[in-house]
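First the structure, in the form of structure tokens, and then the observations on it.
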Protein chains: 2
Amino acid sequence: MSEKTMTIREMCDAYDVTPRTLRFYESKELLFPIREGQKRLFTKRDRARLKLILRGKRFGFSLEEIRQLLDLYDMGDQQATQLQRTYEVAQHRLKDMEEQRDELNEAIDDLREQLKWGEQFLADLANQKDAAQ
Amino acid sequence: MSEKTMTIREMCDAYDVTPRTLRFYESKELLFPIREGQKRLFTKRDRARLKLILRGKRFGFSLEEIRQLLDLYDMGDQQATQLQRTYEVAQHRLKDMEEQRDELNEAIDDLREQLKWGEQFLADLANQKDAAQ
DNA sequence: CGTCTTACTTACGTTAACGTCAAGCTGTAT
DNA sequence: ATACAGCTTGACGTTAACGTAAGTAAGACG
């Protein structure tokens, strides 16, 4: 029952992506739908991979990185060494993300300061205007 | 004394940007260095604007947005309405940044979960390997 | 049979913010 | 004079992840 394949449109609806995106992912060797004549048929495996792709994107991995990770997963659960590498890449990514977040927080604080300053300025201007009347 | 102009290289060294960047900003009407023959000479005003540009970039504004903001500032401190708009734009940006940060935090948490899972998996593999010996 | 729907391939377009030549001018130190 | 450093303008290249349009095929339906 879970062996049913899906058409490109069903995939698009199910995962909220465009056909172009799925074809693009195939061209980048992230997905491997089978063919029925011309048409693509996406298998359970493709669906699993797509889920991982979308998750990877949320994590900020590039498609190329995602492809490499997917390949590692595919190489079988036999190679712990490979998995170890995956783990390291992921940890690296985590560090990057934390740095990014910290920078963002700094920028937010910074911008908040500026806004306080701007508020003050606007208030002063308003007073000035009132006084002039 | 503060009226001294700077050459492009001095600017690059002072603000850690490339010549290309400064020329690019000029072409985008963010900076207006004067000319001495061929050469660009950057004034105090340019330096002030560049500082604002770099700050704006830290805040995640696009160069086009920055240009508009700089223009507003230039239109004089007379137009409180304009300043009000600046303020609004900035607040909008702040919201965006906070959203971005929240998403990033979610992703970080998510990734942390995955890593915990991966650690477990690796540990299991190691045990399996040991047991096999 | 005609038409509609869905899909297909190919290939150029998009966006931002510069990078990277190429070719030429200018001032100065040797 | 010449070599060299530093500047100039133009213009094409880069990157990621698709968007978009043109032209075609293939199956379903009435």
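With 28 Å as the limit on Cα-Cα distance, the pairs of A:K57/B:K57; A:K95/B:K95; A:K95/B:K57; A:K39/B:K116; A:K57/B:K95 that go past it are A:K39/B:K116.
Between copies, A:F24 shows label-point distances of 2.2 nm, shortest first, with the point placed 7 angstrom from Cα along Cα to C-beta.
Summarising the label geometry, the points placed 7 Å from Cα in the beta-carbon direction at B:Q68 and B:D109 lie 3.4 nm from one another.
Shape analysis of region A:1-61 based on the Cα gyration tensor places the equivalent ellipsoid semi-axes at 19, 13, 11 Å, largest first. With unit charges on the beta carbons (Lys and Arg positive, Asp and Glu negative) and the dipole taken about the Cα centre of region B:1-74, which residue among B:I66, B:Q38, B:L52 sits farthest to the positive side? Checking the options against the dipole of region B:1-74, the answer is B:Q38. Within straight-line reach of A:K44, meaning a Cα separation under 18 Å, sit the following lysines at least 8 residues removed in sequence or on another chain: A:K4.
Only protein heavy atoms count here; on that basis, with a 1.4 Å probe, A:S62 has an accessible area of about 50 Å². Heavy-atom accessible area for B:D74, with the other protein chains in place and a 1.4 Å probe, reaches approximately 80 Å². Take B:S62, move 7 Å from Cα toward the beta carbon, and the resulting point lies 2.3 nm from the same point in each other copy, nearest first.
Take A:R112, move 7 Å from Cα toward the beta carbon, and the resulting point lies 2.0 nm from the same point in each other copy, nearest first. Between chain A and chain B, the total buried accessible area stands at approximately 3100 Å², from heavy atoms with a 1.4 Å probe. Measuring r between the beta carbons of B:D16 and A:Q91 and using R0 = 35 Å, the FRET efficiency lands at 0.70.
The values are calculated or read from the model by the stated rules, or taken from the named source; none is laboratory data. These numbers were taken from a predicted model, which means no experiment stands behind them. Counting neighbours? That spans all protein chains shown, and the Cβs are built from the backbone with ideal geometry, glycine included. For the accessible areas, the whole protein counts, side chains as well, though only heavy atoms, and no ligand, DNA or RNA atoms are used. Shrake-Rupley method; radii C 1.70, N 1.55, O 1.52, S 1.80 Å.
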